[in-house]
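What follows draws every value from the coordinates through simple rules; no lab data is involved. On a predicted model such as this, the values are computed, not experimentally measured, just so you know. Cβ: placed from backbone, ideal geometry, glycine included. Neighbour counts: every protein chain shown.
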Amino acid sequence: MNRIILTVCVLFVSSSLLFAQKKKDLIAEIATLKTELDAANAEVTLAKKNERIGVARAESFEAQVKELQDANATLLKNLNSFAEVSNKNSENINMVM
């Protein structure tokens, strides 16, 4: 009878130690996973920040392109007007001669 009780006690203690070790391993793994999650969240935050910066720069470039297109259109219109006036002046000079 004592032998059975002793065997049961030994099995109980060894299984308790085994479960305690597994729990300790699981806690360590949870800590590692939390660290990895924090690193991944930091990378996501940085990526979102860079995306916002990129979008802002793209919008700025689009606005600059629009302004330059408007300026080019105005310059082209002025150049065409100048060419018309120049041609009329040339025609007038040729008619006078």
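Couple of notes before you dig in:
- Within the same chain, lysines fewer than 8 places from K34 are excluded, and of the rest, those with a Cα less than 27 Å from its Cα are K22, K23, K24, K48, K49.
- Taking Cα centre as origin and charging only the Cβ of basic (Lys, Arg, +1) and acidic (Asp, Glu, -1) residues, the dipole magnitude of segment 18-94 rounds to 440 debye.
- Equivalent ellipsoid semi-axes - Cα gyration tensor, the chain, angstrom: 92, 8, 5
- With a simple spin-label model that places each label point 7 Å from the Cα along the Cα-to-Cβ direction, the separation between Q21 and L76 comes to 8.0 nm.
- Cα-based helix-to-principal-axis angle, 2-96 vs the chain, degrees rounded to 10: 0 degrees
- The sum of -39500 (n - 2.57) across all DSSP H runs of n ≥ 4, divided by the residue count of the chain, sets its helix-only mean residue ellipticity at 222 nm to -37500 deg cm²/dmol.
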